[in-house]
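Engineer: Shown below is the structure under consideration.
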Amino acid sequence: MSYQVLARKWRPRSFREMVGQTHVLKALINALDSQRLHHAYLFTGTRGVGKTTIARIIAKCLNCETGITSTPCGECSVCREIDEGRFVDLIEIDAASRTKVEDTRELLDNVQYAPSRGRFKVYLIDEVHMLSSHSFNALLKTLEEPPPYVKFILATTDPQKLPATILSRCLQFSLKNMTPERVVEHLSHVLSVENVPFEDDALWLLGRAADGSMRDAMSLTDQAIAFGEGKVLAADVRAMLGTLDHGQVFDLLHALIQGDAKALLEAVRHLAEQGPDWNGVLSEILNVFHRVAIAQALPEGVDNGHGDRDRVLALAQAMPAEDVQFYYQMGLIGRRDLPLAPDPRGGFEMVLLRMLAFRPADTADAPSQPLKPVGISQATVDSAQAVATAAALTPVATPVPEPVAAPEPQVAPP
């Protein structure tokens with residue numbers, strides 16, 4: 001038997017197996033239990049959040065041999081055929097490859113025929129925004145008043161491209177992106193059942209890399225298992241994804257808070273060995289400052305999406321709120337100017353050195369930790385005092401009076 005990837009093996013087959021999307025499932029379950037069925041549904045959301053999965057579950061709920069229910073049995077011939085993708089009355093159409101109006105007319109010509117096996121004939125049109133304007137116009141009338149045994153389920157990742165006439169004929173449900181916490185929780189359950197050893201830090205890396213898509217998270221987990229020879233370890237996942245070690249970002253920030261330029265540049269040197277995207281590193285630093293500011297205003301409001309909540313709270317206690325805002329603003333300006341730097345690494349280092357150099361020194365809230373000497377001469381002489389000293393050492397020339405012309409003799413008149 002061939003290997004089945006995790007994304008397909010763990011595809012939900014009922015509403016109770018779905019992860020997230022509670023706001024959508026509640027409406028669908030109540031509608032099925034009360035037999036208040038609409039003729040057209042539209043599911044929107046990014047890739048891998050459950051649009052096609054929910055559509056197939058609805059097809060099972062409508063055609064299960066036990067009757068119309070929100071909890072299909074999953075054991076009858078109809079449920080098994082839908083799970084295996086061979087149910088004759090579930091017509092899945094890829095709109096991206098059938099954009100012409102002739103394809104839509106061929107589909108509509110078959111709508112008039114009654115279902116062969118099931119109670120309803122379900123048309124699942126995926127990526128429906130790819131249809132041409134003529135195809136949408138051909139679909140309008142049938143979508144508004146289909147035969148009683150026909151249900152339309154439309155799915156799209158770009159609802160802005162759909163005409164308002166299509167939107168007004170459908171019940172629209174917007175599926176949310178998966179949060180890293182929910183992805184990590186599900187991956188932990190899956191790997192435990194699959195008997196695959198894993199590290200929590202590795203799951204957090206996968207959860208963030210999935211970018212809201214559960215299918216992407218499962219695919220990346222498959223790749224991580226193969227990369228780690230049957231184990232999901234943080235070091236392997238980091239090497240596989242080419243992502244930055246989040247601990248190195250905190251090393252940079254600790255050196256910055258301590259005013260230790262030598263440790264700061266040493267941390268940058270370690271980062272350079274990995275060939276990182278310096279703009280991305282600066283973005284990570286800004287993200288940490290943002291979460292530190294939240295922790296200072298509302299500690300319980302800090303999320304654990306990166307698995308580093310304790311470290312963020314520790315930074316929030318170690319830094320004055322003014323410094324956090326100052327560093328954040330300077331990082332934003334540095335990120336804006338980073339493309340103008342002759343060298344990306346040099347531009348990144350200048351941003352950090354600027355944060356070290358421009359620190360308040362005449363206020364009560366100045367950083368308590370002074371800059372550490374790094375073995376180079378420092379211009380610490382006050383400019384006004386230097387000007388006064390230079391003026392005192394400069395010899396002053398005595399002014400020479402200008403000669404006064406003698407008055408002309410007066411000649412008496414004869």
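Please treat every number below as a calculation from the coordinates, not as lab data. This structure is a prediction, so every number in the text was calculated from the model and none was measured. Positions of Cβ are generated from backbone atoms using ideal geometry, with glycine treated the same way; all protein chains shown enter the neighbour counts.
Engineer: Scan the chain and hand back the longest stretch that contains none of the GluC sites (Glu not before Pro) lying in DSSP loops with at most 11 other Cβ atoms within 10 Å.
Structural biologist: Of all site-free stretches, the longest is 85-228.
Engineer: Between the helical axis of 51-63 and the dominant principal axis of the chain, each derived from Cα atoms, what acute angle in degrees is found, rounded to the nearest 10?
Structural biologist: Relative to the chain, helix 51-63 is tipped by roughly 20 degrees.
Engineer: Would you mind ranking H270, H39 so that the residue whose beta carbon has the fewest other beta carbons within 10 Å leads the list?
Structural biologist: Sorted ascending by nearby Cβ count, the order is H270, H39.
Engineer: If you don't mind, another one. Return the label of the correct value of Cα extents along the principal axes in Å, as calculated from the structure shown, out of [x] 84, 57, 39; [y] 170, 40, 32; [z] 144, 75, 36.
Structural biologist: Recomputing Cα extents along the principal axes in Å here picks out [z].
Engineer: Something else now. All other residues with a Cβ under 11 Å from the Cβ of V249 taken together, and with Lys, Arg as +1 and Asp, Glu as -1, what is their net charge?
Structural biologist: -3
Engineer: Could you derive backbone 3J(HN,Hα) for region 190-197 from the dihedral phi with the Karplus parameters 6.51, -1.76 and 1.60 (θ = phi - 60°), listing whole Hz in sequence and x where the residue is Gly or Pro?
Structural biologist: Values, residue by residue: 5, 5, 5, 5, 7, 6, 10, x Hz.
Engineer: Count the net charge of all other residues whose Cβ sits under 14 Å from the Cβ of M214, scoring Lys and Arg as +1 and Asp and Glu as -1.
Structural biologist: My count for the surroundings of M214 gives +3.
Engineer: What distance in nm separates the two pseudo spin-label positions at A96 and R119, each 7 Å out from Cα along the beta-carbon direction?
Structural biologist: Calculated label separation equals 3.3 nm.
Engineer: Please express the Cα-Cα pair-distance distribution P(r) of region 1-146 as a list of whole percents, one per 5 Å bin, running from 0 to the bin with the greatest distance.
Structural biologist: Answer for region 1-146: a P(r) of 2, 9, 17, 21, 21, 16, 10, 4, 1, 0 percent.
Engineer: To continue, here is another question. Can you sort M350, M319 from fewest to most other Cβ atoms within 10 Å of each residue's own Cβ?
Structural biologist: Fewest-to-most ranking of M350, M319: M350, M319.
Engineer: How far apart, in nanometres, would the label points at Q223 and I68 be if each is projected 7 angstrom from Cα along the Cα-to-Cβ direction?
Structural biologist: Here the modelled spin labels are 4.4 nm apart.
Engineer: Measuring from label point to label point, each 7 Å out along Cα→Cβ, what is the A357 to V19 span in nm?
Structural biologist: 4.8
Engineer: Using the Cα centre of region 278-341 as the reference point, and only Cβ charges (+1 on K/R, -1 on D/E), how large is the resulting charge dipole? Debye, rounded to the nearest 20.
Structural biologist: 140
Engineer: Okay, next question. Principal axis lengths of region 180-241 from Cα atoms, whole Å, largest first?
Structural biologist: The Cα atoms of region 180-241 stretch 26, 25, 17 Å along their principal axes.
Engineer: Moving on. Set Lys and Arg Cβ to +1 and Asp and Glu Cβ to -1, take the dipole of the chain about its Cα centre, and tell me which of G20, I166, N279 lies farthest positive.
Structural biologist: I166
Engineer: Show me, for region 7-16, the HN-Hα J-couplings you get by feeding each phi into the Karplus relation (A = 6.51, B = -1.76, C = 1.60, θ = phi - 60°), rounded to Hz, glycine and proline as x.
Structural biologist: Each residue of region 7-16 in turn: 4, 8, 5, 9, 5, x, 10, 7, 5, 6 Hz.
Engineer: Suppose only helical runs count, i.e. DSSP H with n ≥ 4. What mean residue ellipticity at 222 nm does that imply for the chain under -39500 (n - 2.57) per run, divided by all residues and rounded to the nearest 500 deg cm²/dmol?
Structural biologist: -15000 deg cm²/dmol
Engineer: Fewest Cβ neighbours within 10 Å first, please rank L203, L32 accordingly.
Structural biologist: L32, L203
Engineer: Find how much the distance from S2 to L265 grows on full extension, using 0.36 nm per residue of separation minus their present alpha carbon separation; answer in nm with one decimal.
Structural biologist: Contour length minus the Cα-Cα distance gives 89.5 nm.
Engineer: Each residue of region 218-230 in turn: what ³J(HN,Hα) in whole Hz from Karplus with 6.51, -1.76, 1.60 and θ = phi - 60°, glycine and Pro shown as x?
Structural biologist: So the J values, rounded to whole Hz, are 5, 5, 5, 5, 4, 5, 5, 5, 5, 5, x, 6, x.
Engineer: Considering only the other residues whose Cβ falls under 10 Å of the Cβ of R238, what net charge follows from Lys and Arg at +1 and Asp and Glu at -1?
Structural biologist: -3
Engineer: In addition: Put +1 on the Cβ of every Lys and Arg and -1 on every Asp and Glu Cβ in the chain; which of L264, G50, S132 then has its Cα farthest towards the positive end of the dipole?
Structural biologist: Toward the positive end, the furthest listed residue is S132.
Engineer: About its Cα centre, how strong a charge dipole does region 246-357 have in debye, to the nearest 20, once Lys and Arg get +1 and Asp and Glu get -1 at the Cβ?
Structural biologist: That gives region 246-357 a dipole magnitude of about 160 debye.
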